[in-house]
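Please read the structure below before turning to the comments.
Derivation of every value follows stated rules applied to the coordinates shown; laboratory data play no part. Keep in mind the model is a prediction, meaning the values are calculated, not measured. We place every Cβ from the backbone using ideal geometry, glycine too, and count neighbours over all the protein chains shown.
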There are 2 protein chains.
Amino acid sequence: MNFNLRKKMPYKAISGIGEFGLIDRIAALVQPTLSAVPKLLTGIGDDCAVFQPSAELLQVATTDMLAEQVHFDLLTTPLKHLGSKAISVNVSDICAMNATPRYALIAVAVPASFPITMIEELYIGMSHAAKEYEIAIAGGDTSSSQSGLVISVTMIGEVSPEQITRRSGAKPGDLLCVTGSLGGAAAGLKLLTREKEIMLNHLENNEPYSKNVMAELKEYSEVIQQQLLPLARIDIVRFFHSRNIRPSSMIDISDGLSSDLQHICQQSKTGALIRERSIPISSSTRRVADEMQDDALTWALTSGEDYQLLFTISKEEYQRITDNKKISVIGEITDQEAGVHLVDIYGMNIDLASIRGFDHFSA
Amino acid sequence: MNFNLRKKMPYKAISGIGEFGLIDRIAALVQPTLSAVPKLLTGIGDDCAVFQPSAELLQVATTDMLAEQVHFDLLTTPLKHLGSKAISVNVSDICAMNATPRYALIAVAVPASFPITMIEELYIGMSHAAKEYEIAIAGGDTSSSQSGLVISVTMIGEVSPEQITRRSGAKPGDLLCVTGSLGGAAAGLKLLTREKEIMLNHLENNEPYSKNVMAELKEYSEVIQQQLLPLARIDIVRFFHSRNIRPSSMIDISDGLSSDLQHICQQSKTGALIRERSIPISSSTRRVADEMQDDALTWALTSGEDYQLLFTISKEEYQRITDNKKISVIGEITDQEAGVHLVDIYGMNIDLASIRGFDHFSA
C-alpha cells in the first residue's frame, strides 16, 4: 500500500503551535457553549472548572489523562504507584482551588492481553489513594486498547463561595509562597531513566542484571518516591480551612515553577519577583543533580510533577501561617509592567518568560 | 533483546474474564472507598454515579473513553462527527437517569504529528453537539499520544430526587418500552466497513478509487447517520419532565437490547418477556441486512451504539404517553424466576441469557 497523501498535502501539525497554543484554540472553540449554562461560572483557564449547584456551594471539576510511553513507562513504574499517582494529580488540581475532593470517575483503556492482576494492582493503588484523600471512586469506563494503557481520571470537589481560590486574585505586594520542596520529581525521573538504560543494556548484551549491577537505589528513595508517588497537598488545604485562611491566588505546580508562576501572573495581571536562594530544594535533589552534573534549579523551574502548591497571600494574612514549616516564602507579587523575574544567587535578574515548563507537543 | 519473561510466567489475561468480569473485579476493589463520602449515593452499577450536593438536588456523572481502532476508524469517521458522537454517548447515559446534562470535561491524547485542523474539527463537532444539548464544555486536558487518538469525556447532569430513574425500579407487570428504532447503527457500521475494504483494495492494486466504484451511499444515509452521528434521546427526557412522568426503570442501549435488558432485570430482580414482532427495526436497516445476508434482529439484540432508551413503566402511567409515536412497547416485566426471554415471530421462546452484547475483551 502506498499512502502518500500526507506528504503531498502541506499542513500545520500540533507540534508547530505547542500545548498552550492548542489549548488556546480549543478554548476559543468551546467558549460559546458556556452561555447556555449560567451555573457554570468558570470554564477553561484555571486548575478546575467551577459550577454552582446551589447558592451556598460551589463545585470544582478537573480531568487528567495519563498515557503509556507519554506520562509513564511500565518498566520503571509499579502499577500500584501509577494508580495512586493518577488519583493524586487530580486531587492536586482540586486542592489548588482550596477545595475538598469528593469523588472520581475513572476510564481506562487496556490491551486485552494484559494480565488481570496488573489491572487489579492499578485499582488497588487508586483505592488506597482514595482512602487517604477520603474520596469515593464512583464509577468509570473500561475498554480495550490497541496500544498501551491509557488512564483518564475526572475528580469532583466542593468548596464554599467564601473559600474558593482562583489563579486570578494575586495583588502587588502579596507574598509568593510554595509548599514542600521542588525538583525532587525530576531528580527521581532522571534516576529511574538511568537505571532503566543500565538494565536494558545488560539484557541486550545477555549479561545478568542482578543486584550487583543495580545502583543502590535506597539512598535515593526520597526523590524516587516524589516521582512515583507524589502526594497532593490536601494537608495544606485542611490547614487553610482550619485557620479560615483564603490565599489571594493559588495553582498546583504541575508544569514547573516558572510556567505555573506565569499562569498566576497572567490571570492576575501582575508581575512577580522570586529569589533563587528562597526556592526550597531538598538536599537529596541537590545531591542527585551534582551526581548527574545537572542543575537542580533548572529542575525546580521547568520540571513538572512536584504537585506542590504555589500561592499568594497578603503580608497581614501571612502572619497567621508563619508557624507552618511546610510553607516557604519565595518572593513577592509586583506590578504587571515589572514582568516575572528571578534573582539568582549572584544577584542576576533572569526573565522567566524565557524559561518554559514541559510542553507535550514541543517539536 | 530477548524478553521471555511473559512466556515463562503463566498468567490470566483480561480476555479470559471479559469486560463484565473485569468490571466486577474493579467494583469490588473500589467499593470500600464509598463509605468515606455519604453524599455519594450510587457508585458503579448504573448508567451514572449519583451524588447529592444538597437536599433538594441530585447530581449524576458518567465517563466514556473512545480509542482509535477500538471505537472508531478515522478512515470511515469524519472528525466532526466523532466529536459530536463523543458528546452524545455521554449525554445518553445522563438521559438514562431521567436527568438533564449540564457540563462536560474532555481529555484528549493526540499524536503531535496530527494536523491542527483535524483537532479543531473534533472540537467543532463537540461544540455543535454541546449547543444542541445545551451543555457547557467546561474544561479538560490535552496531551500527546504515541499511538492514535484517545478521547475521554466526562459528563455531569442534574435531576431532582423525585425524577431520578435507576436501572433497579422495574416491577412485574410493568410495560417494557423502547424509543426510536434498533439495529441501525450496526447496519451503518457494516456498510462503512465494506466501503473501506473496497477503497483499500483499490489502493492496494493501484486502481483509481473514484466515484464510479464508490457505492451510492446516499440511499443508506439513514443508517450511516445512526452509526456516525447518533443522537441522545434528550427529547424523551424533556417529554417525561413536561408530563411529570417517571419511568420505573431506565437504561440507554449501548451494548445491545439483550444485554441492556438483562442489566435492568438483574438490578430490578425481575424477569422479562419481549416479542420480536414488537421490536422497532427500520425498513432501511432491514434492507441493509437483506443485502448483506445478515439478520437485523441479531443486530438489534446484540449490537450496541443505538443509544435509544429502554425503560419500564406501569400500565396506568403508560396511558399518559400513548400519544408519543417515538415510543414502542416491546414486552413486559415478569417475575425473576421466569428469566429473560424473547418470543420470535414463529412463537419460539428464546432465552436471552445466551445472547450477549458487545464485549471489549472477548477473546
**Prompt:** Under 26 Å Cα-Cα from B:Lys315, which lysines qualify once same-chain neighbours fewer than 8 residues away are excluded?
**Reply:** B:Lys171, B:Lys269, B:Lys325, B:Lys326
**Complete:** In terms of the alpha carbon gyration tensor, root eigenvalues a ≥ b ≥ c, rounded if a/c is under 1.5 and otherwise prolate when a/b exceeds b/c or oblate, chain B is rounded
**Request:** Can you list the distances in nanometres, one decimal and ascending, from the B:Met199 label point to the identical position in each other copy, with the point 7 Å along Cα to Cβ?
**Result:** 4.2
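So in segment B:48-159, what percent of DSSP beta bridges are antiparallel if you round to the nearest 5? Write down the numbers at each step before the final one.
On the way: 23 of 32 bridges.
Roughly 70 percent of the beta bridges in segment B:48-159 run antiparallel, per DSSP.
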**Complete:** One finds the C-alpha centres of segment B:156-221 and segment B:125-154 to be spaced, in Å, by 20 Å
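Averaged over B:50-56, how many beta carbons belonging to a partner chain fall within 10 Å of each residue's beta carbon?
4
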**Request:** Give, as a single signed number, the net charge of other residues whose beta carbon lies under 12 Å from the beta carbon of B:Ile321, with Lys and Arg counted +1 and Asp and Glu -1.
**Result:** +3
**Message:** Looking at the protein assembly as shown only, what percent of DSSP beta bridges run antiparallel? Nearest 5 please.
**Reply:** 75 percent
**Fill in**
Surrounding charge for A:Ala338, neighbours by C-beta under 13 angstrom, Lys/Arg +1, Asp/Glu -1, total -3
**Helical mean residue ellipticity (222 nm; -39500 (n - 2.57) per DSSP H run of 4+; nearest 500) of chain B** = -10500 deg cm²/dmol
**Item:** Copy-to-copy label separations for A:Asp24, where each label sits 7 Å from Cα toward Cβ, in nm and ascending
**Value:** 5.3
**Prompt:** So, by mean Cβ neighbours within 10 angstrom, what's the order for B:321-327, A:191-197, B:68-74, B:105-111 with the highest one leading?
**Reply:** B:105-111, B:68-74, A:191-197, B:321-327
**Request:** Give me the distance between the Cα centres of segment A:235-311 and segment A:37-64, rounded to whole Å.
**Result:** 24 Å
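Please average, across the residues of A:36-42, the number of beta carbons from any other chain that are within 10 Å of each residue's own beta carbon, and give a whole number. Can you show the working numbers first?
Details: counts 9, 9, 1, 4, 8, 1, 2.
For this peptide, the per-residue mean of nearby foreign Cβ atoms is 5.
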**Prompt:** When Cβ neighbours within 10 Å are restricted to other protein chains, what is their mean count per residue of peptide B:114-126?
**Reply:** 4
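Count the net charge of all other residues whose Cβ sits under 15 Å from the Cβ of A:Ile198, scoring Lys and Arg as +1 and Asp and Glu as -1. Intermediate results must be reported in sequence, preceding the final value.
Working: positive: A:Lys190, A:Arg194, A:Lys196, A:Lys211; negative: A:Asp73, A:Glu195, A:Glu197, A:Glu204, A:Glu207, A:Glu216, A:Glu291.
Charge balance near A:Ile198 sits at -3.
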**Reachable lysines from A:Lys211, criterion Cα separation under 18 angstrom, eight or more residues apart if same chain** = A:Lys196
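In Å, what Kirkwood hydrodynamic radius results for segment A:136-233 from the alpha-carbon pair distances?
Working: mean 1/r = 0.0538 Å⁻¹.
That comes to 18.6 Å for segment A:136-233.
Among A:157-167, A:129-139, how do they line up by average Cβ neighbours within 10 Å per residue, starting with the highest? Provide the component values of the computation, followed by the final result.
Numbers: A:157-167: 19.8, A:129-139: 23.8.
Averaged packing, sorted descending, gives the order A:129-139, A:157-167.
Considering Cα pairs under 8 angstrom that are at least six residues apart, work out the relative contact order of segment A:175-354 and quote it in whole percent.
Value for segment A:175-354: 40 percent.
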**Asked** What are the distances, in nm and sorted shortest first, from the label point of B:Gly45 to the label points of the same position in each other copy, with each label point placed 7 Å from Cα along the Cα-to-Cβ direction?
**Response** 4.2
**Message:** Defining a contact as two alpha carbons under 8 Å apart and six or more residues distant in sequence, what relative contact order in percent does chain A show?
**Reply:** 22 percent
